[in-house]
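> Encoded as structure tokens, here's the structure I'll be asking about.
Just so you know, all these numbers are worked out from the coordinates, no wet-lab data involved. All of these numbers come straight from a predicted model, not from anything done at the bench. A quick note on method: Cβ atoms are made from the backbone with ideal geometry, for glycine too, and the neighbour counts reach across all protein chains shown.
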Amino acid sequence: MTAVRSSGLAIILALAAMLAAGCQTMSVVEKVEDTPVINAQAELKEPQLLDVGIRVFDPGEISEKDRAKKGLTAEIRSAEARFIPLVLRDTLQRTGHWGAVRVVPAQTHAVNVLVEGKILESDGEVLELEVKVSDASGNRWFSTVYEKQVDTQAYIDADESEIFQDIYNRIANDLYRHKAKLAADRILEIQRVAKLRFGKSLAPEAFDGFVTVTDDGQYRIQRLPAPDDPMLDRVMKVREREYMLIDVVNGYYDKFNAEMVDPYFDWRKARSDEAAALREVKQKAINRYLLGAAMIVGAIAIEAVGGDSGTQTVRDVMVLGGAYNVKRGMDISAQKAIHEDAIRELGESFNAEVAPLVLNVEGQTVELTGSAEQQFHQWRRLLSEIYATETGAPTTHIADDDQPPASPVK
């Protein structure tokens, strides 16, 4: 019987020691290797360049669980939906592979290549983006999900660069690799289709028959307008005005980005710190509960088999130790609420506002109000009215929308 008691006590003490060691366990986050961006080795000539439009990203859905546990808010996602395209724009511009690269507030036919994206996850530790790229001819280049995970150490080591720059480099490299496969005549065709599609969106009757659409959504050129076609010249002037508005909006985005980058970095770092601390608290609480339970069960087992005064002393120590660890586990669990509240407060403190834009068009001062997307729609309506006035054609809006017209400043 003594041997049985000794063996049982040894097993129980070994289990307790293992659980105690488990209290020191920390979750490990696998780091993703950095991806260097592929830069052009020489300056490209104009015919080799394609203009790129990066549409403001879809902010995606935030689950109720993420709202409660991670402190994520619609305001943060709305800001990220503008911030992410700007970082990607700057990355593409630095490579030297492209013509003009702009962030566009809405769908536009004024660009050769359109990049669209959706935020699948973004919480300071994980950034997951779905990116779709297509050209003006309707050809889908690729649709890919990009994901990177960082730990709190990455924020400590971070310099002035974007913490998730690796993702933007990978997107830029995929865009370059696809473009590199295009022959010169294919690049020229994409540029021409973009012009004709923009023309048809503005003057459907005048540009009818130049481009047809296949059953699979591809745009094919049937014939080209004469180089000196006055209608084409007017449409191209309207497109230049659209570029002007997009450039103005990008200037606003740049200001927005400059004001956002520091607090956004701090928010992500703080949220990452809080999330890491919360995981540690949860793990410690679980380990404390298990250790306490094991010690109490061990004490009960000792009581059941009986023993001398020495084993009874061990039993008493295990009961007290078990009770302490269970109580400690309860205290640590209570800390979870503190960390979760801190995460929610960090999220709620972040907000992004869009200021009105005041422009001078054809001698008239015009104010565009609302979000950047609403302002873009208002501007397009104004462009359509200008084109109709110049040509005498019926007003045809460049894009269907239900936005109010631009309001003159009084």
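> Local charge sum around Phe210 (other residues, Cβ-Cβ under 12 Å, Lys/Arg +1, Asp/Glu -1)?
Counting the neighbours of Phe210, the net charge comes to +3.
> A further question follows. Give the order of Val238, Val248, Val358, Val37 when sorted by the count of other beta carbons within 10 angstrom, beginning with the fewest.
Going from sparsest to densest Cβ surroundings: Val358, Val248, Val37, Val238.
> Lys255 to Lys118: extension gain in nm, 0.36 nm per residue of separation minus the Cα-Cα distance?
Gain in length upon complete extension: 47.0 nm.
> Loop-only trypsin sites (Lys or Arg not before Pro) in the stretch 45-75, please: DSSP not H, G, I, E or B, and at most 11 other Cβ atoms within 10 Å.
Within the stretch 45-75, the qualifying trypsin sites (Lys or Arg not before Pro) (loop, at most 11 other Cβ atoms within 10 Å) are Lys45.
> Can you sort Trp379, Trp141 so the residue with the fewest Cβ neighbours within 10 Å comes first?
Result, fewest neighbours first: Trp141, Trp379.
> Rank the residues His377, His109, His178 as a footprinting-exposure proxy: fewest other Cβ atoms within 10 Å of their Cβ go first.
His178, His109, His377
> List the relative contact order of the stretch 46-260 as a percent without decimals, with contacts defined as Cα pairs under 8 Å and 6+ residues apart.
This gives 21 percent for the stretch 46-260.
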